[in-house]
Amino acid sequence: MAALRRGRMPHFAVVTMEPRPYMLNLLGGGSGEVDCVYHLDLPALTAAIEETCVGNPRRRATLETFKRLVAQRRLRDWDELVEYAGTL
């Protein structure tokens, strides 16, 4: 649908509780279809991923993918969406 639009694009976002970084990457990894993914409990997800992946060489790619999504602001906290909606 996004490819067929002309003019200024609206902000497309997804709200989720998905815990797997791989699936979050599929949703908001830069395909252009979705601007970002809002996670309902990003601090808890961050703590769980760090606890699970830090020190585990087999899960290094998972941790790097998650950190990249957060650094590029493709994965954001739900509270940011609530604050933004409050300004409208």
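Among the criteria (1) under 21 Å from HIS11 (Cβ atoms); (2) touching a helix residue (DSSP H, G or I) at 6+ places or on another chain (Cβ under 8 Å); (3) not hydrophobic (A, V, I, L, M, F, W, C), the one ARG60 does not fulfil is (1). The condition (being touching a His at 6+ places or on another chain (Cβ under 9 Å) and at pLDDT below 95) is satisfied by just one residue among LEU88, LEU24, LEU69: LEU24.
Scanning the stretch 22-43 for residues that are in a helix (DSSP H, G or I) and either farther than 24 Å from TYR84 by Cβ or aliphatic (A, V, I, L, M) (or both) yields TYR22, MET23, LEU24, LEU26, LEU27, LEU42.
From the list ALA13, ALA47, the one residue that fits, being closer than 17 Å to ASP77 by Cβ and modelled with pLDDT of 95 or more, is ALA47. Out of THR87, THR46, one residue alone is over 15 Å from PHE12 (Cβ atoms), surrounded by 13 or more Cβ atoms within 10 Å (Cβ to Cβ) and among the hydroxyl-bearing types (Ser, Thr, Tyr). It is THR46.
From the list THR62, THR46, the one residue that fits, being assigned to a helix (DSSP H, G or I) and touching a Pro at 6+ places or on another chain (Cβ under 6 Å), is THR62.
The values are calculated or read from the model by the stated rules, or taken from the named source; none is laboratory data. Please read all numbers here as calculations on a predicted model, not as lab measurements. Note: ideal-geometry Cβ built from the backbone for every residue, glycine included; neighbour counts use all protein chains shown.
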